[in-house]
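The values are calculated or read from the model by the stated rules, or taken from the named source; none is laboratory data. Nothing here was measured: the structure is a model prediction, and the numbers come from that model. Positions of Cβ are backbone-derived with ideal geometry, glycine not excepted, and every protein chain shown enters the neighbour counts. The accessibility values were calculated without ligands, DNA or RNA, using every heavy atom of the protein model including side chains. Shrake-Rupley method; radii C 1.70, N 1.55, O 1.52, S 1.80 Å.
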Amino acid sequence: MAHSARLWNYLLGGKDNFAVDREAAQQVLTFMPELVQSARYNREFLGRVVRHLAGASGIGQFLDIGTGLPTANNTHEVAQAANPAARIVYVDNDPMVLVHARALLTSTALGATDYIDADVRDPGAILEAAARTLDFGQPVAIMLLGIMNFVTDDEQAQAIVRQLVQAVPAGSYLVISHPTMEVHAEAVAQAMRMWNEGGSAPITARSPKEIGRFFEGTELQEPGVVTVSQWRPDGNDTTIVTEFGGVGIKR
């Protein structure tokens, strides 16, 4: 059965995927070729956000939930390039992801990197385990990139994000990216239907307004919830893609 982390790894040009993942990706790409661009722009979004937070915003702690398989410019690499003392906790519930993470994701001498085997649906367990590495008395950036679409119940999804935000102090940040149907709506719907019928973990798309609801309790930063390529671009291609994202600060 295809797995989302391995499929995403394939779209990003990685090697940690199987034939079943490549076949599933190619089936989707026949009617949604934009998916490769969307995956890569989402990764660029992560880089720009983390550079901004670890640099100008002075954030030294990152809780990256739904890590996926390591590729280039992982959260700790970007954060520790700006702040060598940055501390990063990765969270995923895929054994393959955790094996690769432990082998490939190493920290600077001044900072720290940890890996938690946990599900986004259990934020309490995540927060308890993350406290081994992160100081929740100091600001934390909560990273939820391409993960809340796997929590298809809206109330449950909102409750998860709310619990995570409530656990961090003022000055912390919430970062979310999420698939939408703002562009290529028919292709996105078909891709999700194919994925869900394949027996893999079900996914859903949400509108920018629905994504914006996740930021309740924070102050959404400019330019708001936008296609990820247009969040504070830095010379990158700003073509609109299906992944939308935003950044909020807890006051």
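Here the ratio of the Cα radius of gyration of segment 82-121 to 2.2 N^0.38 Å is 1.24. Overall, the accessible surface of segment 44-87 at a probe of 1.4 angstrom is composed of carbon and sulfur to the extent of 48 percent. In the context of the full set of protein chains, residues of segment 178-251 present 49 Å² of accessible surface per residue (probe radius 1.4 Å, heavy atoms only).
Restriction of the GluC sites (Glu not before Pro) in segment 204-251 to DSSP coil positions whose beta-carbon has at most 13 other beta-carbons within 10 angstrom yields GLU216. Placing +1 on the Cβ of every Lys and Arg and -1 on the Cβ of every Asp and Glu, with no other charges, gives segment 77-231 a dipole of roughly 220 debye about its Cα centre. Per atom type, segment 138-214 shows carbon and sulfur on 49% of its accessible surface, probed at 1.4 Å.
For segment 175-233, the mean projected area of the C-alpha convex hull, equal to one quarter of the hull surface, is 4.7 nm². Each Cα pair of segment 106-183 feeds into the Kirkwood radius, which the Stokes-Einstein equation turns, at 10 °C and 1.306 mPa s, into a diffusion coefficient of 114 µm²/s. Here the contact order of segment 1-141, divided by its residue count and restricted to Cα pairs under 8 Å and six or more residues apart, works out to 21 percent.
Remark: relative contact order (the chain) = 18 percent; criterion is Cα-Cα distance under 8 angstrom and separation of 6 or more residues. By the Cα gyration tensor, segment 143-251 has an equivalent ellipsoid whose semi-axes, rounded to whole angstrom, run 24, 19, 10 from largest to smallest.
Ordering GLY198, LEU110, TYR41 by Cα displacement along the dipole of the chain toward the positive end leaves LEU110 in first place; charges were set at the Cβ atoms of Lys, Arg (+1) and Asp, Glu (-1). For ARG87, nonlocal amide neighbours, meaning residues 5 or more places apart or on other chains whose placed amide H falls under 5 Å from its own, are GLN61, PHE62, ALA112. Using only Cα atoms, tell me the angle between helix 185-197 and the longest principal axis of the chain; keep it within 0 to 90° and round to the nearest 10. With both axes taken from Cα atoms, the answer is about 90 degrees.
Residues in segment 30-75 average 32 Å² of solvent-accessible surface per residue, probe 1.4 Å, ligands and nucleic acids excluded. In segment 46-129, one over the average inverse separation of all distinct C-alpha pairs is 12.8 Å, which is the Kirkwood hydrodynamic radius. From the alpha carbon centroid of segment 85-115 to that of segment 186-247 is 25 Å. Taken about its Cα centre, segment 18-156 carries a charge dipole of roughly 640 debye when the Cβ of each Lys and Arg holds +1 and the Cβ of each Asp and Glu holds -1. The Rg/Rh ratio of the chain, with Rg taken over Cα atoms and Rh as the Kirkwood radius over Cα pairs, comes to 0.93.
Among 54-62, 233-241, 89-97, the peptide with the highest mean count of other Cβ atoms within 10 Å heads the list, and the full ranking is 89-97, 54-62, 233-241. When segment 105-172 is described by a simple charge dipole with +1 on each Lys and Arg Cβ and -1 on each Asp and Glu Cβ, the residue from LEU144, ALA157, THR133 located farthest towards its positive end is THR133.
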